1. How much area per residue is accessible in the chain when the probe is 1.4 Å and only protein heavy atoms are counted (Å²)?
2. Going by average Cβ density within 10 Å per residue, which order do the peptides 56-64, 25-33 take, highest to lowest?
3. Based on the Cβ-Cβ distance of residue 47 and residue 92, what FRET efficiency does E = 1/(1 + (r/R0)^6) give at R0 = 41 Å, to the nearest 0.05?
4. Tally up the carbon and sulfur contribution to the accessible surface of region 34-91 as a whole percent, 1.4 Å probe, everything protein left in place.
5. When all alpha-carbon pairs of the chain are counted, what percent fall beyond 22 Å?
6. Please list, or write none, the aspartates and glutamates whose alpha carbon is within less than 19 Å of the alpha carbon of residue 48, excluding same-chain residues fewer than 8 places away.
7. What ³J(HN,Hα) values, in whole Hz, does the Karplus curve 6.51 cos²θ - 1.76 cosθ + 1.60 give for region 101-113 when θ = phi - 60°, with x put for Gly and Pro?
Amino acid sequence: MAFKNILLIDDDEDDHDIFRSALNQLSDTVSFDAILDANDALKRLISKQLEPDVIFLDLNMPKMNGEVFLTLIKNDNSLKNIPVIIYSTASSPSTIRTVKELGASDYITKPDSFEGLLHIMKPLVA
């Protein structure tokens, strides 16, 4: 499935820049928002300031981690149908199993190269 409105929730600004660069290289029609704080993202989603087709979500964040955020949106009737793809450096099978049980659509381990990110993102971008 290809997405047009993408939201990245990650506390690392460098990851925002790399993700944005990859999207810009793959498509000139994708809308991209990046938020550093999951609490802020949740408020914006609930208030409909953001209406993404998909959320890419880091797990390891301060204040509210990705698992808590995922649980909250999957329990909210107005947000639960937004696909959430975990985008994290964590890659243990138990972590992957846990987030999929919580409702994650997919799990992507952050690649170690820009080319790797392009390869991962290409089928996901409209």
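1. With all protein chains present, the chain gives 53 Å² per residue.
2. Highest mean packing first, the order is 56-64, 25-33.
3. Values: r = 34 Å, r/R0 = 0.84.
Result of the calculation: an efficiency of 0.75.
4. Values: 1260 of 2740 Å².
The value for region 34-91 is 46 percent carbon and sulfur by accessible area.
5. Considering the chain, 29 percent of its Cα-Cα pairs are separated by more than 22 Å.
6. List returned: 33, 37, 40, 76.
7. Using θ = phi - 60°, the values come out as 5, 7, x, 5, 6, 7, 9, 10, 7, 4, x, 9, 8 Hz.
The values are calculated or read from the model by the stated rules, or taken from the named source; none is laboratory data. The shown structure was predicted, so the numbers you read here are calculated from the model rather than taken from an experiment. Heads up, the Cβs are rebuilt from the backbone with ideal geometry, glycines too, and the neighbour counts pull from every protein chain shown. The protein model used for the area step is the full one, side chains on, heavy atoms only, and it has no ligands, DNA or RNA in it. Shrake-Rupley method; radii C 1.70, N 1.55, O 1.52, S 1.80 Å.
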